[in-house]
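J.: Following this message is one structure expressed as C-alpha cells.
The values are calculated or read from the model by the stated rules, or taken from the named source; none is laboratory data. All of these numbers come straight from a predicted model, not from anything done at the bench. Heads up, the Cβs are rebuilt from the backbone with ideal geometry, glycines too, and the neighbour counts pull from every protein chain shown. In case anyone asks, the SASA skips ligands and DNA or RNA and just uses the protein heavy atoms, side chains included. Shrake-Rupley method; radii C 1.70, N 1.55, O 1.52, S 1.80 Å.
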Amino acid sequence: RLAEELGVLTLPTMLLLDAEGRVVDAESLTKEPPVFLILLREFELGVHRGEPTGAAFQGAVFAYLRADAPHLQVEVRKVRTGSKRVGGIGDIDAWDGDRLILSAEAKHTLFTGADVASLEGFTNAIAKHKAIGLVVAEGFTEDARQHFADKQIHTLSRADLTNLVAIWDPMKQRIAAQSYLYYASHVEQNAALTSRVKAFIEKVTTETRR
C-alpha cells in the first residue's frame with residue numbers, strides 16, 4: 001500500500017527488471033551449466049580404448065589455459081610429440097608475440113619426488129626464458145610440490161583446477177569446453193576421444209537445463 005501511495009512500481013515475486021528496466025519473468029530464465037567444471041569433476045581422463053595415453057588429461061589442461069589466458073597465443077601439440085622438435089618448451093606453451101609467457105607440463109599421474117628429475121630440462125628452460133612454469137598432474141606428494149616450489153615452478157592438481165574453475169562464469173566454462181573439443185578433434189584428430197568429449201558436453205548441457 002505504501003508503495004502505491006509513493007508511486008513505486010511493485011512486481012510479482014517471480015518477475016524481475018533487467019538492466020534497461022524491462023520486466024522479465026524469472027520462471028522463463030534458464031541457468032547455463034558450468035560445463036567445464038562438471039567435466040573436470042566427472043569426465044574420465046584416464047586411458048580409453050582407441051585414445052592416445054595422456055591425451056584426455058593434456059586436452060583438459062590446454063582447455064583450462066586457453067580459457068584462462070585468452071590474451072595469449074596458446075599452443076598445444078599431440079601427446080608424445082617432442083616439444084623441442086617443434087620449437088616448444090612444455091606440452092602447452094602460451095606466447096605474447098615472440099616471448100614465452102607460460103609453459104605447462106601435463107602429467108596424468110600422482111607426481112612424486114622420484115618423478116621430478118624427469119622434468120629437469122623443463123625447469124631449466126623455464127628459468128632461461130624467465131617464463132611462468134606450471135606442472136599439472138592428477139596429484140602431488142608434498143616432496144614433489146616442495147621441489148617445484150624451490151625451482152619457482154607452480155603446481156596444480158586436478159582438485160586445484162576444479163577449485164579454480166568453480167568460480168568461472170558460464171561463458172568462460174563454455175569456451176574451455178569447446179577448446180577441449182577442438183583439441184580432441186583438430187589437434188589429436190582422434191575420433192574416439194572426440195566422440196567421448198562431444199557426447200559428455202551434450203549430455204551435461206541437456207540434463208542440467210531440464
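J.: Among (1) in a loop (DSSP other than H, G, I, E, B); (2) at pLDDT below 95, where does V24 come up short?
T.: Evaluating V24 over (1) in a loop (DSSP other than H, G, I, E, B); (2) at pLDDT below 95 leaves (1) as the failure.
J.: For region 142-196, which residues satisfy the criterion of being among the basic types (K, R) and under 19 Å from the mean Cα position of the chain (by Cα)? Don't jump to the end; show me each part of the working.
T.: Let us first name the residues in region 142-196 that are among the basic types (K, R), namely 145, 151, 158, 172, 174, 196.
Matches in region 142-196: R158, K172, R174, R196.
J.: Hey, S118 hits all of (1) surrounded by fewer than 20 Cβ atoms within 10 Å (Cβ to Cβ); (2) assigned to a strand (DSSP E or B) but one; which does it fall short on?
T.: Checking S118 against (1) surrounded by fewer than 20 Cβ atoms within 10 Å (Cβ to Cβ); (2) assigned to a strand (DSSP E or B), the one that fails is (2).
J.: Kindly provide the set of residues from region 169-196 that are assigned to a helix (DSSP H, G or I) and more than 25 Å from H71 (Cβ to Cβ), ordered by number. Talk me through it step by step, then tell me what you get.
T.: At the first step, the residues of region 169-196 found to be assigned to a helix (DSSP H, G or I) are 170-187, 191-196.
Hits for region 169-196 are A191, A192, L193, T194, S195, R196.
J.: Which one is farthest from R80 (Cα to Cα) among residues in region 159-195 that are surrounded by fewer than 18 Cβ atoms within 10 Å (Cβ to Cβ) and among the charged types (D, E, K, R)?
T.: Once the filter is applied, the top-ranked residue is D169.
J.: If I filter region 128-158 down to residues being open to solvent by less than 70 Å² (accessible area, probe 1.4 Å) and β-branched (V, I, T), which single residue comes out as nearest to A63 (Cα to Cα)?
T.: Restricting to residues being open to solvent by less than 70 Å² (accessible area, probe 1.4 Å) and β-branched (V, I, T), the top hit is V136.
J.: Still on this structure, I have one more. Pull up region 28-44, narrow it to residues that are at pLDDT below 95 and either surrounded by 14 or more Cβ atoms within 10 Å (Cβ to Cβ) or part of a loop (DSSP other than H, G, I, E, B) (or both), then point me to the one that is nearest to the chain's Cα centre (by Cα). Before you say what the answer is, go through the steps one by one.
T.: Going residue by residue through region 28-44, those that are at pLDDT below 95 are 28-33.
Retained after the next criterion (residues that are either surrounded by 14 or more Cβ atoms within 10 Å (Cβ to Cβ) or part of a loop (DSSP other than H, G, I, E, B) (or both)): 29-33.
On the way: L29: 27, T30: 24, K31: 20, E32: 17, P33: 15 Å.
Selected residue: P33.
J.: Next question, about the same structure. For F111, all conditions in the list (1) within 20 Å of the chain's Cα centre (by Cα); (2) over 23 Å from D68 (Cα atoms); (3) surrounded by fewer than 19 Cβ atoms within 10 Å (Cβ to Cβ) hold save one; what is the number of the exception?
T.: (3)
J.: What residue, of A149, A144, A137, A127, is among the small types (G, A, S), part of a helix (DSSP H, G or I) and closer than 22 Å to T53 by Cβ?
T.: Numbers: A149 fails: closer than 22 Å to T53 by Cβ; A137 fails: part of a helix (DSSP H, G or I); A127 fails: closer than 22 Å to T53 by Cβ.
That would be A144, the only listed residue that is among the small types (G, A, S), part of a helix (DSSP H, G or I) and closer than 22 Å to T53 by Cβ.
J.: So which residues in region 194-208 are under 17 Å from A55 (Cα atoms) and either modelled with pLDDT under 95 or aromatic (F, W, Y) (or both), if there are any at all?
T.: Within region 194-208, F200 is the sole residue that qualifies.
J.: Whether any residue in region 75-91 is open to solvent by less than 20 Å² (accessible area, probe 1.4 Å) and at pLDDT 95 or above is what I want to check.
T.: yes
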